[in-house]
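This report refers to the structure that appears directly beneath it.
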Amino acid sequence: MRTYLIMHLTARILIGCVIGSVFYTPAYAGTFLSACTSRTNYLACALFVSRISGAAVRTKPDEMAEVSSRLAMGQIVRINWKLSKTAKSQWVYVGIKSDALNDISPQGWVRAQDLAGEADFREVINCWPFASIFDESQVDGPVLDVKFSRVGKSEPGKIKVWSLGNLIRIGVSRRDSMVYAYDPETYRLTHAGSEESDLNVSLFDPPLLPDCVRIQVSR
């Protein structure tokens with residue numbers, strides 16, 4: 001078993017598990033946001049995360065509009081549904097969460113396909129590569145110190161794992177969880193949307209068994 005100290009992910013990672021040169025994007029990605037348009041008061045429809053690194057935040061709901069900023073992989077945003085309903089369905093107006101101030105500030109327009117909600121993540125059921133994860137750098141949360149089985153369950157089994165391609169949630173529920181960026185080629189795990197990351201992880205040996213192509217999730 002090899003142990004790695006994982007520092008902040010500086011390179012941009014495209015969403016989807018990589019198989020050779022082919023990018024894998026789950027077919028269900030983004031379906032939860034569509035469902036939220038008819039139930040905007042639903043608690044689970046409040047916060048979303050960026051599915052890709054560098055998602056453009058624009059001044060208008062138009063591909064040709066000025067880019068005011070870009071979202072990091074897994075960065076948390078809150079959708080303003082009142083404003084979003086004034087535009088075409090493929091655009092939503094978001095505010096961006098500030099970790100320092102713990103609030104949401106107005107920002108701009110993002111393509112809906114670049115965002116994912118909590119229900120877009122699927123529970124890991126097999127081919128989980130991490131034997132243990134230690135994370136003490138959460139500002140507002142407890143220290144994460146967990147040993148896992150290969151099916152993605154903690155020992156004891158209070159902590160679970162949910163996956164959406166290159167994004168991972170770890171916690172007691174999808175809502176009460178931490179979001180990480182995951183690179184399946186190098187097995188690097190980093191804080192999603194953060195400028196600093198300091199994780200200590202141990203991989204199974206080998207990380208994936210011969211019958212595993214990628215992390216397997218429930219349907």
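The values are calculated or read from the model by the stated rules, or taken from the named source; none is laboratory data. No experiment lies behind these values; they were computed from the predicted model shown. Backbone-built Cβ (ideal geometry, glycine too); neighbour counts: all protein chains shown. The protein model used for the area step is the full one, side chains on, heavy atoms only, and it has no ligands, DNA or RNA in it. Shrake-Rupley method; radii C 1.70, N 1.55, O 1.52, S 1.80 Å.
Quick notes on this one:
- Rounded to the nearest 10 Å², the accessible area of TYR187 at probe 1.4 Å: 50
- Placed amide H near GLY108: partners under 5 Å, 5+ positions off or other chain: VAL94
- Summing +1 for each Lys or Arg and -1 for each Asp or Glu among the other residues whose beta-carbon sits under 10 angstrom from that of VAL143 gives -3.
- Within the straight-line cut-off of under 22 Å between alpha carbons, the lysines reachable from LYS147 are LYS158, LYS160, sequence neighbours fewer than 8 places apart in one chain being disregarded.
- Simple Cβ-charge dipole of the stretch 43-83, Lys/Arg +1 and Asp/Glu -1, about Cα centre, in debye nearest 20: 140
- Gain on full extension, evaluated as 0.36 nm per residue between ASP176 and GLU63 minus their Cα-Cα distance, stands at 37.3 nm.
- For the stretch 163-219: Kirkwood Rh in Å [reciprocal of mean 1/r, alpha carbons]: 12.7
- Available extension along the chain between ARG214 and LYS147 is 22.1 nm, counting 0.36 nm per residue and deducting the alpha carbon span.
- Gain on full stretching of the segment that runs from GLU185 to GLU136 - 0.36 nm per residue minus C-alpha separation: 15.2 nm
- R0 of 35 Å, Cβ-Cβ distance LEU83-ILE125: FRET efficiency to nearest 0.05: 0.35
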